[in-house]
1. Test of understanding: ordering Val70, Val82 by Cβ neighbours within 10 Å, fewest first, what list do you get?
2. Please report, in debye to the nearest 20, how large the charge dipole of segment 2-88 is about its Cα centre when each Lys and Arg carries +1 at its beta carbon and each Asp and Glu carries -1 there.
3. From zero outward in steps of 5 Å, how is the percent of C-alpha pairs of the chain spread across the bins?
4. Under 20 °C and 1.002 mPa s, how fast does segment 1-40 diffuse according to Stokes-Einstein, given a Kirkwood radius computed over C-alpha pairs? Answer in µm²/s, whole number.
5. Relative contact order for the chain using alpha-carbon pairs under 8 Å, separation at least 6, rounded to a whole percent?
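Just so it is clear, none of the values below were taken in a lab; they were calculated from the coordinates. Predicted, not measured: the structure shown is a model, and the values here were computed from it. Backbone-built Cβ (ideal geometry, glycine too); neighbour counts: all protein chains shown.
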Amino acid sequence: MTRAVGLLGRPLPRVVAALGNGSRVTAQDTVGFALWVAATHLDDYPAAIQLCVRAGGDMDTTAAIAGAVVAAYTGVGTPGGVPEPWLAAREPLPTWVP
């Protein structure tokens, strides 16, 4: 985590080279990067998700981790939080989910 903190403010390619982007499918290659993204865009959920996508690698996992942290901070439907149109575009849960 110390390495991730030291990379705050650095360009994305340098961060991916140092921390990974989940492409090795290990916690060491995923969690540090996802938390760096969350710290970098803690008040902007869409920007955090877009940064995970731009980084490549295991985008769904890094976006899920970073998105969960940012959404916990910003909230849902609030400025900087999960946008209402994104919520409206979700697939419905299966009927067997309580």
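1. Details: Val70 27, Val82 19.
Ascending Cβ contact count within 10 Å gives the list Val82, Val70.
2. Roughly 380 debye, rounded to the nearest 20.
3. Values per bin, smallest distances first: 2, 15, 24, 22, 16, 11, 7, 2, 1, 0.
4. 221 µm²/s
5. Answer for the chain is 23 percent.
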